2 protein chains.
Amino acid sequence: MKATKAVPETDVRLVELVIALFDEFREHANSCMGGFDLSAAHAAALLRLDTPLSQRELADCLKYDASNITGIVDTLEQRGLVERQVDPADRRIRRLVVTGEGSRVLAHLRKCFEEASLVGRLDDDERSQLRVLLTKAVGDRSNTSWAHMLRGRR
Amino acid sequence: MKATKAVPETDVRLVELVIALFDEFREHANSCMGGFDLSAAHAAALLRLDTPLSQRELADCLKYDASNITGIVDTLEQRGLVERQVDPADRRIRRLVVTGEGSRVLAHLRKCFEEASLVGRLDDDERSQLRVLLTKAVGDRSNTSWAHMLRGRR
DNA sequence: TATTGTTATACTCTATAACTATA
DNA sequence: TATAGTTATAGAGTATAACAATA
């Protein structure tokens, strides 16, 4: 029975381990995106466009100012990965839809991401334990995605 | 005994959990640095100067081009947190030493970092298990530090 | 009037290249 | 000649503000 538990001080080593794992994955992700000649912003946008969004919605969920979306979508459109479709019900809105080519790139990109050897050093049991512990540690922070990781944010 | 283990595919959920934890800590770190009016680069430099370094050495271990160090150190020096001392043995070299005020800020900054509630949701046993699992998952990636986290890198 | 998207602009972060002062 | 540091500059990435089209 430990006595000093009033303020649960952070285990510094745990933080460092999480940073190390994250960093390993970030390097892997950078290498994936580089392979498709996509910047982090472009990859993040593409990953979010699995379901079509207006530019405004995309800006909101990537936490970009709306003014940045124009250029990002310009590039994706020039490369034939995404199409702007004017919403017939409200002609201010451009609905962004991934093209056939965009879908192919997206699938490859996702696959590359998933090949991270991030936890390849653990066996099935250990990974299962780890998932339980991390889920508890993370608490109610559920709004996470890979696109989320691709930005320095703030 | 599972059969499909040839290529240990990444557990996507595990990656997302690591991202979520990292992101929580990054937000906390940003808030700490903001409290001291330090940018990520300034905070990272200060954290590295626990032991004195030349500007070149600081650039190397922060993985900055040397040209960036000048401005960063300028600011830290103007704020009285760091001093440039000409190395008497080689007058090209500026040895960077943290001032008394710099030490105080550094201590507060570290303390703020350590107050992350990152794993406050786990009890001692769970944290111990988590540390074992993460250590194994991380493998030989040992060169991690908080300064490391403060950069988008690449 | 309010909202979507665009443009122009500015600021931060980081790298490259040319320079200086030492060695 | 080579190295430590500085300066000037350029390129990303992102934000703010003003604007046009539409609601």
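When +1 charges are put on Lys and Arg Cβ atoms and -1 charges on Asp and Glu Cβ atoms, the dipole computed for the protein assembly as shown relative to its Cα centre reaches about 300 debye. The spacing between the stretch A:78-154 and the stretch B:95-111, judged by their C-alpha centroids, is 39 Å. When you restrict to C-alpha pairs under 8 Å that are six or more residues apart and normalise by the size of the stretch A:12-122, the relative contact order lands at 28 percent. The magnitude of the dipole of the stretch B:12-149, with charges of +1 and -1 set on the Cβ of Lys/Arg and Asp/Glu and taken from the Cα centre, is near 360 debye. Taking other C-beta atoms within 10 Å as the exposure proxy, B:S31, A:S117 rank B:S31, A:S117 from fewest upward.
For the protein assembly as shown, the Kirkwood estimate of the hydrodynamic radius, built from every pair of different alpha carbons, is 21.8 Å.
Each copy carries a label point for B:T70 at 7 Å from Cα toward Cβ; from one copy, the others' points are 3.6 nm away, ordered from shortest. Here are some pairs, A:K63/A:K111; A:K63/B:K111; A:K136/B:K63; which of them have Cα atoms lying more than 27 Å apart in this structure? Long pairs (Cα-Cα over 27 Å): A:K63/B:K111; A:K136/B:K63. Here the Kirkwood formula, the inverse mean of 1/r across different C-alpha pairs, assigns chain B a hydrodynamic radius of 17.9 Å. In this simple spin-label model, placing a label point 7 Å from the Cα along the Cα-to-Cβ direction at both B:V86 and B:S67 gives a separation of 2.6 nm. Cysteine residues of the protein assembly as shown whose Cβ has no partner cysteine Cβ closer than 4.7 Å: A:C61, B:C61.
In deg cm²/dmol and to the nearest 500, what is the mean residue ellipticity at 222 nm of the protein assembly as shown if only DSSP H runs of at least 4 residues count, each as -39500 (n - 2.57), divided by the residue total?
-18000 deg cm²/dmol
Return one number: the angle in degrees, 0 to 90 and rounded to the nearest 10, between the long axis of the Cα atoms of helix B:66-78 and the longest principal axis of the Cα atoms of chain B. Value to nearest ten degrees: 70.
Distant-in-sequence amide contacts of A:R95, defined by a placed amide H-H separation under 5 Å and a gap of 5 or more residues or a different chain, comprise A:Q85, A:V86, A:D87. Footprinting exposure proxy ranking of B:I19, B:I72, fewest other C-beta atoms within 10 angstrom first, gives B:I72, B:I19. The angle between the Cα long axis of helix B:124-138 and the main principal axis of chain B comes to about 80°, on a 0 to 90 degree scale.
When the Cα positions of A:L118, B:L46, A:G71 are compared along the charge dipole of the protein assembly as shown, A:G71 comes out farthest toward the positive end, with charges on each C-beta of Lys, Arg, Asp and Glu. For B:R91, the point set 7 Å out from Cα toward Cβ sits 7.5 nm from its twins in the other copies, listed from shortest up.
As a proxy for reagent exposure, B:D90, A:D74 were ordered by neighbouring Cβ count within 10 angstrom, fewest first; the result is B:D90, A:D74.
Values in this text are rule-based calculations from the coordinates and carry no lab data. Just so it is clear, the model here is predicted, and its values are computed rather than measured. A quick note on method: Cβ atoms are made from the backbone with ideal geometry, for glycine too, and the neighbour counts reach across all protein chains shown.
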